[in-house]
Amino acid sequence: MKKGIWLTAILIALAVLLSGCKENNSKETAGSNKSENKAPIVEAEKFVPTVYDSTITVNVEEKTLTGTLKVKSTNNTGKNQDKIYFHVYPNQFREGVDLIGGFWRKIIDENSVPGAMEMTEVQVNGNRGNFEIKETVLEIPLEKWKKGETIDLNFKFTMKVPKNNGRFAYDDNAIWLGNWIPIQAVYDEAGWVTDPYLSMGDPFYSQVGHYTVKVTVPGTYQITSTGKEGEAIKEQDGSKSYTTTIENVRDFAMVIMDQNYEKFSDQIGETTVNTWYLASDSQEAAKQNHEAGIKALSYFSEVYGRYPYPEYDIVWTGMFTAMEFPGLIYLPKNILESNETEIGSVVHETAHQWWYGMVGNNEVKEPWLDEALATYASTRFMLEEFPENGAAIFEMRKQMTEGTERDEKKGIFIGSPVDKFTSIGSYSQLVYQKGALMLENLEKEIGKEKMDQLLHTYFKEYQFDVATSSDFISVFTEELGPGAKEYFEAWLTGKEPEFRQ
Ligand SMILES: [Zn+2]
């Protein structure tokens, strides 16, 4: 149908506006330096993922989470440290924080209610420790944390979930917990990276960790999360507990739903795909998104590399937009309410399972690395699965990438960090649309097969790790020669050359 064509194009455009991501890093490093001839002086230090073990009880009336988090962290920084940092993103929504400017108006409205995390105790190796929370960063001084040494931390906390249209909030039927669990900050060549919770983009950066979460909810509630839930265990007081364990993920998201939520569920290879929706919403729209999610997961598994986790959850929440988390994505209510076929978002967020989820990046510093790739990948999927919409999709891309000169004259480019952008319009236009165009133009020159092969190589090399722009470019340069480096560096800084081998 004609309408479908534009709808699809608009949807992709919308999806682009909406998505976010996070990332992480845990390269198994030196091992991938194939051509290193020198004898190793010391054995390459292996990255050891942080282990998180949390037990929480949810009070669905009060919208509070009370519990503990045990963290086992190995000093991977290559030097001795006297501090460690964690992100405590729930604190962004505490009373008195000015959430008016920037993109906050999408998240905060007149019905919003603040929330926060209260850390009541921190133990370091079994002893009560000092700590300080500044904005959304928790700093814990350590007496001595030697290179390679593992420490045990123990947190006790209470969280009040805020009411708003963001990643961590609630409505009448669900509490959706994105970025709730304290995650360790990344230490990279810039030192500890403790960026604030910016309103634009998905201002996250994390390494993969191993998570075990036990959550107790009232008997009539159900949960879904980044992990795969086992059967709930009934507690004596009528509540029930779920325990889930998942390895090699950058974050752990969770949605607590009342009995009005239903799901479609299918087994795809070793992965269960669940789509959770409210029984009062459009089943048809939920089904379409469920099927598109399955198709996209299979497609990207085939082209880029296998989706390795046991479960993938697509969940309707009250967030204003679609959002990616490892193993779980949110879809916004308006897709169901509009009763339209809208699959652009589910495809885009599914692509993020590869670009952000499995291959991480610093989403503040180099947001193009996951957003341009997710946009490019979801367009490729749409073109292959719905080829009749191809012309419309490229027409949309053309229109959306016109008029970027004004930003570029100001020094804002595809490759700019998220805090350079002053409007969601130019962020979307450059990072998502023009970023995807950069990849599509290269694909036209080198062919789909080569493009897929290179992205597969990039995925293999950086899976469960963090990549930078220069890592990405190196993969292409190694195969295509120095022309690839010139090509990407020019596009990322506002020029639009053709690719020359
Ligand atoms: Zn995205």
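What follows is calculated from the coordinates using simple rules that are stated; it is not laboratory data. Since the structure is predicted, the reported quantities are computational estimates derived from the model, not experimental observations. All Cβ positions, even for glycine, are placed from backbone atoms using ideal geometry, and neighbour counts span all protein chains on display.
Listed here are the residues, each with its yes/no results for (1) touching a helix residue (DSSP H, G or I) at 6+ places or on another chain (Cβ under 8 Å); (2) free of Cβ contacts under 8 Å to residues at least 12 places away in the same chain; (3) outside any strand (DSSP E or B); (4) not acidic (Asp, Glu).
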| residue | (1), (2), (3), (4) |
| --- | --- |
| Val58 | no, no, no, yes |
| Glu61 | no, yes, yes, no |
| Thr66 | no, no, no, yes |
| Gly78 | no, no, yes, yes |
| Lys83 | no, no, no, yes |
| Asn91 | no, no, yes, yes |
| Ile100 | no, yes, yes, yes |
| Glu110 | no, yes, yes, no |
| Met117 | yes, no, no, yes |
Q: Check the stretch 305-319 and report whether any residue there is of a type outside the set (Ser, Thr, Tyr), closer than 21 Å to Lys163 by Cβ and within 16 Å of the ligand (Cβ to nearest atom).
A: yes
Q: Collect the residues in the stretch 246-271 that are within 30 Å of Val48 (Cβ to Cβ) and surrounded by fewer than 16 Cβ atoms within 10 Å (Cβ to Cβ), keeping them in residue-number order.
A: Glu247, Gly269, Glu270
Q | the stretch 459-501: number of residues that are more than 22 Å from Val359 (Cα to Cα) and surrounded by fewer than 18 Cβ atoms within 10 Å (Cβ to Cβ) | A | 12
Q: Report, by residue number, each residue of the stretch 218-245 that is surrounded by fewer than 18 Cβ atoms within 10 Å (Cβ to Cβ), in contact with a Phe, Trp or Tyr (Cβ under 9 Å, 6 or more places away or on another chain) and not in a strand (DSSP E or B).
A: Gly230, Glu231, Ser239
Q: Could you check, for the stretch 311-325, whether at least one of its residues is touching a residue at least 60 places away in the same chain (Cβ under 8 Å), surrounded by fewer than 23 Cβ atoms within 10 Å (Cβ to Cβ), hydrophobic (A, V, I, L, M, F, W, C) and more than 25 Å from Asn248 (Cβ to Cβ)?
A: yes
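Given the criterion buried (at least 24 other Cβ atoms within 10 Å of the Cβ) and closer than 20 Å to Tyr261 by Cα, identify the matching residue among Ile183, Ile175.
On the way: Ile183 fails: closer than 20 Å to Tyr261 by Cα.
Ile175 is the lone residue from the list that is buried (at least 24 other Cβ atoms within 10 Å of the Cβ) and closer than 20 Å to Tyr261 by Cα.
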Q) Could you list, in sequence order, the residues of the stretch 328-375 that are within 11 Å of the ligand (Cβ to nearest atom), in a helix (DSSP H, G or I) and of a type in the set (Ser, Thr, Tyr)? A) Ser345, Thr350, Thr375
